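Scroll down for the structure; my scribbles are underneath it.
The values are calculated or read from the model by the stated rules, or taken from the named source; none is laboratory data. Since we're looking at a predicted model, the values are computed, not measured. Virtual Cβ from ideal backbone geometry, glycine too; neighbours counted across all protein chains shown.
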């Protein structure tokens, strides 16, 4: 069960459930039945529950809380800017943080989810990545923040200046300033 929950960190639980459903579905159903049995025996004060069952359910509960806490905003620096690019199959969300780090949350088809991390700095309206938050050249190392258009532009014109015309897949829409 813990291994299935950690797959959310590597591309999405739903996707892996479809890939190996014959192995995971009986384990998940067995765990839920065991958890219900554990809860019923706890409610009945006369019966004792096994220590192995008690500690295994506590371990899974602790792992769930720990994974939730790691993926929440609780331990992260405050977000100063957030922007989203919507593709036909994916949504890319850039979250720029106060400490100079940026996260690229990618959500896609069939529960696919992936996060890339990077580092950035602002020079006026230009965003410069010292570590690009993607594994290929989809996001360039320099982007233009146009506050009037409420967008972050990716592409440059032939003369080297940034394009400020909104077209398909050439900009992120700014969500939060």
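Considering the stretch 105-177, the qualifying strands (runs of 3 or more DSSP E), each wholly inside and each with 1 or more residues that are more than 15 Å from residue 81 (Cα to Cα) and in contact (Cβ under 8 Å) with a residue 60 or more places away in the chain, run over 113-123. When you look at residue 87, is it modelled with pLDDT under 90, assigned by TED's automatic domain parsing to the domain that holds residue 166, over 18 Å from residue 173 (Cα atoms) and surrounded by fewer than 17 Cβ atoms within 10 Å (Cβ to Cβ), yes or no? When the stated conditions are applied, residue 87 does not pass them. All of 150, 99, 146, 107 fail the test of being within 15 Å of the chain's Cα centre (by Cα), at pLDDT 85 or above and not assigned by TED's automatic domain parsing to the domain that holds residue 31, apart from 107.
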